[in-house]
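Engineer: Starting off with a structure, shown below.
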Amino acid sequence: MSITAADIRREVKEKNVTFLRLMFSDILGVMKNVEIPATEEQLEKVLSNKAMFDGSSIEGFVRINESDMYLYPDLDTWTVFPWGDENGAVAGLICDIYTAEGQPFAGDPRGNLKRALKHMENVGYKSFNLGPEPEFFLFKMDEHGNPSLEVNDRGGYFDLAPTDLADNTRREIVNVLTQMGFEVEASHHEVAVGQHEIDFKYADVLKACDNIQIFKLVVKTIARKHGLYATFMAKPKYGIAGSGMHCNMSLFDQDGNNAFFDESDPRGMQLSQDAYYFLGGLMKHAYNYTAIINPTVNSYKRLVPGYEAPVYVAWAGRNRSPLIRVPASRGMGTRLELRSVDPTANPYLALAVLLEAGLDGIENKIDAPAPIETNVYAMTPEERHEAGIIDLPSTLHNALKALQEDEVIKGALGEHIYTNFLEAKRIEWASYATFVSQWEIDNYLDVY
């Protein structure tokens, strides 16, 4: 059920909302906000799409001579944060960005995902659903209140207290998310020490991406309340598993049926031909969209053998070693799970390129290759070559070069976002490439 302006006006009074957070994401996926007093005058300005901000200071937005931008709130994203105090509550709205001329801003990641969804509708589908599985680490704070790399538990996969010492923190995160309307499906300790996962129910992709951004805010806020620091960095510690954000995706037709399900599938997987085409598109463009779904220098420290993260472009059913797998659920739950995405990705950009890659597969009838049901990690390089399995990019530098060669993925981003993303990431790589690390000192200083 849609939230109306009248609903918001009523809740502001009933819940003593004193401040409004108008939230949006820059092209790197960092949540930004303008916070304003929830006076009647300011609230009406927000609800009539007249709230403005300076876009020239936001990563990848606009130049200083064209800085005035408008925030158009999506009323369905209205939420009252459950950590108010005696001074009142704080509420939030996620906004789309518009230019001073009243046009959708080409550099708005959320607006860009909406553009991809219009393409999907033109192809003939009603919705694109996403079930994300974001992982994160909890670290202790040092005596100065800064994050350290010291974990507060020695737990492993599905461990309980007292081994998992963060269960109370995780439980409060779940309670807060539930109060905010999330349907949390599972919460558990992950494989690495200090690593956790909270899964929430799938939703249409726009809402799911909004949920990812709010989820990160909640996790960081509650962790700090417990004296911990939460990070969604892909690989914060050497020698242990990194954090992923598996994306479970499915298309639905105009009648509300899962377009990926076909009980009479002659290949025996109970997948529709469109599912195989969508999968074929994901496979074809996988190397080239990696820069978007693994967007940091650090992302590629996770994509290495030995730590459960995918390294090779292949797909399978039950096998968990390839890039994409088809979970066992069928019927309405039929989906494709892409396992390489990490939580540093801008969810709006990541899902725009994944949707467009899949639609390219459907529109151009790119059939999926044969599944690989053996352990890809155990195959020799010759066996992988014979099976047509390639490696994912090993560095951000290589991923950026591949991105520049794929017109479908560039088109999924649009010229503005593509150009600004590429420039920002080239700068990031150049900064990293010139940095002398402790590993280099340890290995070369006394040798040469």
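Engineer: Taking the range 210-244, which residues are in contact with a strand residue (DSSP E or B) (Cβ under 6 Å, 6 or more places away or on another chain) and free of Cβ contacts under 8 Å to residues at least 60 places away in the same chain?
Structural biologist: Within the range 210-244, 220 is the sole residue that qualifies.
Engineer: Which count do you get for residues in the range 419-437 that are hydrophobic (A, V, I, L, M, F, W, C) and in contact (Cβ under 8 Å) with a residue 60 or more places away in the chain?
Structural biologist: Step one: of the range 419-437, the residues hydrophobic (A, V, I, L, M, F, W, C) are 421-422, 424, 427, 429-430, 433, 435-436.
Retained after the next criterion (residues that are in contact (Cβ under 8 Å) with a residue 60 or more places away in the chain): 421, 424, 429.
Qualifying residue count, the range 419-437: 3.
Engineer: Further, regarding this structure: Would you tally the residues in the range 263-300 being among the charged types (D, E, K, R) and at pLDDT below 95?
Structural biologist: At the first step, the residues of the range 263-300 found to be among the charged types (D, E, K, R) are 263, 265, 267, 274, 284.
If we keep only those that are at pLDDT below 95 too, we end up with 263, 265, 267.
Going through the range 263-300 one residue at a time, the tally reaches 3.
Engineer: Could you check how many residues of the range 147-165 are in contact with a strand residue (DSSP E or B) (Cβ under 8 Å, 6 or more places away or on another chain) and at pLDDT 55 or above?
Structural biologist: Residues flagged as in contact with a strand residue (DSSP E or B) (Cβ under 8 Å, 6 or more places away or on another chain) and at pLDDT 55 or above within the range 147-165 amount to 8.
Engineer: Output the number of residues of the range 1-52 satisfying the condition of being of a type in the set (A, V, I, L, M), part of a loop (DSSP other than H, G, I, E, B) and without any contact (Cβ under 8 Å) to a residue 12 or more places away in the chain. Can you show your working first?
Structural biologist: Just the residues of the range 1-52 that are of a type in the set (A, V, I, L, M), to begin with: 1, 3, 5-6, 8, 12, 17, 20, 22-23, 27-28, 30-31, 34, 36, 38, 43, 46-47, 51-52.
Cutting the leftovers down to part of a loop (DSSP other than H, G, I, E, B) gives us 1, 3, 27-28, 30, 38.
Still in the list and also without any contact (Cβ under 8 Å) to a residue 12 or more places away in the chain: 1.
Number satisfying all stated conditions: 1.
Engineer: If a residue must be outside any helix (DSSP H, G or I) and in contact (Cβ under 8 Å) with a residue 40 or more places away in the chain, how many such residues does the range 373-394 contain? Walk me through how you get there before you give the answer.
Structural biologist: Residues of the range 373-394 that are outside any helix (DSSP H, G or I), as a first pass: 373-375, 379-380, 387-394.
Cutting the leftovers down to in contact (Cβ under 8 Å) with a residue 40 or more places away in the chain gives us 373-375, 387, 389-394.
Of the residues in the range 373-394, 10 are outside any helix (DSSP H, G or I) and in contact (Cβ under 8 Å) with a residue 40 or more places away in the chain.
Condition check ((1) buried (at least 19 other Cβ atoms within 10 Å of the Cβ); (2) closer than 22 Å to residue 279 by Cβ) across all residues:
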| site | (1), (2) |
| --- | --- |
| 341 | yes, yes |
| 350 | yes, yes |
| 353 | yes, yes |
| 363 | no, yes |
| 377 | no, yes |
| 385 | no, yes |
| 398 | no, no |
| 403 | yes, yes |
| 426 | no, no |
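Engineer: Kindly evaluate residue 407 against the criterion of being modelled with pLDDT of 90 or more, within 13 Å of residue 285 (Cα to Cα) and surrounded by fewer than 14 Cβ atoms within 10 Å (Cβ to Cβ).
Structural biologist: Values: modelled with pLDDT of 90 or more: yes; within 13 Å of residue 285 (Cα to Cα): yes; surrounded by fewer than 14 Cβ atoms within 10 Å (Cβ to Cβ): yes.
Yes.
Engineer: I've got another one for you. Can you confirm whether residue 369 is touching a residue at least 24 places away in the same chain (Cβ under 8 Å) and more than 25 Å from residue 110 (Cα to Cα)? Talk me through it step by step, then tell me what you get.
Structural biologist: On the way: touching a residue at least 24 places away in the same chain (Cβ under 8 Å): yes; more than 25 Å from residue 110 (Cα to Cα): yes.
Answer is yes for this residue.
Engineer: Also, I was wondering about something else. Quick one: count up the residues across the range 70-129 that are touching a His at 6+ places or on another chain (Cβ under 9 Å), of a type in the set (A, V, I, L, M, F, W, C) and buried (at least 19 other Cβ atoms within 10 Å of the Cβ).
Structural biologist: Residues flagged as touching a His at 6+ places or on another chain (Cβ under 9 Å), of a type in the set (A, V, I, L, M, F, W, C) and buried (at least 19 other Cβ atoms within 10 Å of the Cβ) within the range 70-129 amount to 1.
Engineer: If we keep just the residues of the range 334-351 that are assigned to a helix (DSSP H, G or I) and touching a Pro at 6+ places or on another chain (Cβ under 8 Å), which is farthest from residue 415 (Cα to Cα)? Give the steps one after another, and end with the answer.
Structural biologist: First, the residues of the range 334-351 that are assigned to a helix (DSSP H, G or I): 347-351.
After this cut, where a residue has to be touching a Pro at 6+ places or on another chain (Cβ under 8 Å) as well, the list is 347-349.
Numbers: 347: 18, 348: 16, 349: 13 Å.
My answer is 347.
Engineer: Looking at (1) part of a helix (DSSP H, G or I); (2) under 22 Å from residue 301 (Cβ atoms); (3) at pLDDT 95 or above; (4) within 21 Å of the chain's Cα centre (by Cα), can you tell me which one residue 424 breaks?
Structural biologist: That leaves (3) as the condition not met.
Engineer: Tell me the residue from 309, 291 that is among the small types (Gly, Ala, Ser), under 20 Å from the mean Cα position of the chain (by Cα) and assigned to a loop (DSSP other than H, G, I, E, B), please.
Structural biologist: 309
Engineer: In this structure, does residue 441 turn out to be out of contact with any helix residue (DSSP H, G or I) (no Cβ under 8 Å at 6 or more places or on another chain) and crowded, with 19+ Cβ neighbours inside 10 Å?
Structural biologist: Details: out of contact with any helix residue (DSSP H, G or I) (no Cβ under 8 Å at 6 or more places or on another chain): yes; crowded, with 19+ Cβ neighbours inside 10 Å: no.
It is false that residue 441 is out of contact with any helix residue (DSSP H, G or I) (no Cβ under 8 Å at 6 or more places or on another chain) and crowded, with 19+ Cβ neighbours inside 10 Å.
Engineer: Quickly run through the range 236-288 and pick out the residues that are part of a helix (DSSP H, G or I) and either β-branched (Val, Ile, Thr) or under 18 Å from residue 394 (Cα atoms) (or both). Spell out how you get there, then give the answer.
Structural biologist: Filtering the range 236-288 for residues part of a helix (DSSP H, G or I) gives 273-288.
Within the range 236-288, 283, 284, 285, 286, 287, 288 qualify.
Engineer: Which count do you get for residues in the range 10-44 that are under 30 Å from residue 296 (Cα atoms) and either surrounded by fewer than 20 Cβ atoms within 10 Å (Cβ to Cβ) or not small (Gly, Ala, Ser) (or both)?
Structural biologist: Counting residues in the range 10-44 that are under 30 Å from residue 296 (Cα atoms) and either surrounded by fewer than 20 Cβ atoms within 10 Å (Cβ to Cβ) or not small (Gly, Ala, Ser) (or both) gives 13.
Engineer: Please find, among 226, 196, the residue that is touching a helix residue (DSSP H, G or I) at 6+ places or on another chain (Cβ under 6 Å), modelled with pLDDT of 80 or more and over 24 Å from residue 308 (Cβ atoms). Quick ask: steps written out before the conclusion?
Structural biologist: Values: 196 fails: over 24 Å from residue 308 (Cβ atoms).
After ruling out the rest, the residue left standing is 226.
Engineer: Just checking, how many residues over the range 99-133 are outside any helix (DSSP H, G or I) and more than 20 Å from residue 419 (Cβ to Cβ)? Break it down stepwise before answering.
Structural biologist: Quick first cut of the range 99-133, residues outside any helix (DSSP H, G or I) only: 99-108, 124-133.
Okay, now just the ones that are also more than 20 Å from residue 419 (Cβ to Cβ), so 100-102, 124-133.
Total meeting the criteria: 13.
Engineer: Here's something else I'd like to know. Identify the single condition in (1) farther than 20 Å from residue 400 by Cβ; (2) buried (at least 22 other Cβ atoms within 10 Å of the Cβ); (3) out of contact with any strand residue (DSSP E or B) (no Cβ under 7 Å at 6 or more places or on another chain) that residue 260 does not satisfy, given that it satisfies every other one.
Structural biologist: Against the list (1) farther than 20 Å from residue 400 by Cβ; (2) buried (at least 22 other Cβ atoms within 10 Å of the Cβ); (3) out of contact with any strand residue (DSSP E or B) (no Cβ under 7 Å at 6 or more places or on another chain), residue 260 comes up short only on (3).
Engineer: List the pairs whose first member sits in the range 293-304 and is surrounded by fewer than 24 Cβ atoms within 10 Å (Cβ to Cβ), whose second member is of a type in the set (Val, Ile, Thr), and whose Cβ atoms are under 6 Å apart, counting only residues at least 6 apart or on separate chains?
Structural biologist: That search, which allows pairs on different chains as well, returns 296/344; 300/395.
Engineer: Output the number of residues of the range 18-50 satisfying the condition of being in contact with a Cys (Cβ under 8 Å, 6 or more places away or on another chain) and either over 22 Å from residue 349 (Cα atoms) or charged (D, E, K, R) (or both). Reasoning before the result, please.
Structural biologist: Initially, the range 18-50 is screened for residues in contact with a Cys (Cβ under 8 Å, 6 or more places away or on another chain), giving 22-24.
From what's left, either over 22 Å from residue 349 (Cα atoms) or charged (D, E, K, R) (or both): none.
Adding up the residues that qualify gives 0.
Engineer: Return the residues of the range 173-230 that are closer than 24 Å to residue 149 by Cβ and in a loop (DSSP other than H, G, I, E, B); say none if nothing qualifies.
Structural biologist: Step one: filter the range 173-230 for residues closer than 24 Å to residue 149 by Cβ, giving 173, 187-198, 215-230.
If the condition is that a residue be closer than 24 Å to residue 149 by Cβ and in a loop (DSSP other than H, G, I, E, B), then 190, 191, 192, 193, 194, 226, 227 are the ones that fit.
The values are calculated or read from the model by the stated rules, or taken from the named source; none is laboratory data. Only a predicted model underlies this, so the values are computations on that prediction, with no experimental measurement involved. When we count neighbours, we look across all protein chains shown, and the Cβ atoms used for this are built from the backbone with ideal geometry, even at glycine.
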